[in-house]
Amino acid sequence: MMRLILIFAAGCSICLGARGDLISAQILDTRNRVNNQAYIENELNQIVTDQFSIDPAEYGFWLYKVTYETVDIHGNYHLATGSISYPRVDWPVIANQAFPIMSYQHGTVVEKASVTSVNGEWILPAIVTGSGYVYVEPDYLGLGDSEGMHPYQLAEPYGTAVVDLLRATHQFAAENDQFQINDQLFLAGYSEGGYATMATHQIIERDYSEEFSITVSFP
């Protein structure tokens with residue numbers, strides 16, 4: 001009986017967690033600056049046929065899959081997953097160096113596993129983080145490890161998934177002595193992610209303007 005009570009209590013503690021609580025963080029990959037540059041060049045050579053160039057990577061990266069608390073359109077709590085990648089600074093280490101956040105909202109996918117936190121395709125976080133941003137990407141409700149159906153093209157679930165991942169990112173940074181975040185926030189997205197970005201921008205300005213200030217958004 002005592003074991004059942006403890007299990008029930010543990011379950012209730014999860015159910016009653018706050019929005020944006022970071023539940024877990026699992027490392028997916030890390031590369032120093034040189035290896036990150038080599039990785040970017042190799043990946044681009046495979047997917048880009050025309051001559052294409054970007055600025056050399058300034059940083060390596062640490063890439064994590066995170067699980068966090070968010071809510072659905074009815075206010076019910078769910079566990080959602082996403083990706084966080086932050087610059088790996090090997091040398092020189094600059095005291096109190098802080099980085100802006102770039103939240104990227106991905107395009108339409110059919111399979112739950114076709115998201116950055118699961119599929120092993122890390123070229124975008126490698127490029128963005130290599131340029132000096134903390135890269136975050138929500139899987140969205142119903143994708144990644146999140147249970148249930150994905151609420152496609154519904155504005156509110158996009159906004160809450162992004163906002164709560166941003167909160168989890170700040171919590172992760174506060175618990176991690178390897179990186180700091182400044183007050184700049186960039187939003188970007190493509191395809192479904194374009195709509196998700198516009199929805200998130202509107203929802204942040206409407207409901208969370210005292211918590212987050214958007215520097216630039218470009219859906």
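Observations on the model:
- Lys/Arg +1, Asp/Glu -1 at C-beta; the chain dipole; positive extreme among P138, I204, F179: F179
- Folded to 0 to 90 degrees: helix 2-15 orientation relative to the chain principal axis, Cα: 60
- C-alpha long axis of helix 155-174 to longest principal axis of the chain, angle in °: 70
- Segment 90-205: C-alpha gyration tensor shape, a/c 1.5 cut-off, then a/b vs b/c: prolate
- Other residues lying with their Cβ under 13 Å from the Cβ of A199 contribute a combined charge of -3, Lys and Arg counting +1, Asp and Glu -1.
- Candidates M149, M102, M198, ranked by Gaussian network fluctuation over the chain, Cα under 10 Å, top entry: M149
- Counting only alpha carbon atoms, the long axis of helix 33-47 and the longest principal axis of the chain meet at about 90°.
- Positive-end residue, the chain charge dipole about Cα centroid, Cβ charges, pick of H78, V110, I54: H78
- Using the rule -39500 (n - 2.57) for each DSSP H run of four or more residues, divided by the residues of the chain, the 222 nm mean residue ellipticity is -11000 deg cm²/dmol.
- Charged side chains reduced to their Cβ positions (Lys and Arg at +1, Asp and Glu at -1) give the chain a dipole of some 360 debye around its Cα centre.
- Cα gyration tensor, segment 39-132 - rounded (a/c under 1.5), prolate or oblate: oblate
- At most 15 other Cβ within 10 Å, DSSP loop - chymotrypsin sites (Phe, Trp or Tyr not before Pro), segment 114-172: Y152
Values quoted throughout were computed directly from the atomic coordinates according to the rules given, and no laboratory measurement underlies them. Just so we're clear, the structure is a prediction, and the values are computed from it rather than from any experiment. No Cβ is skipped: glycine too gets one built from the backbone with ideal geometry, and neighbour counts run over all protein chains shown.
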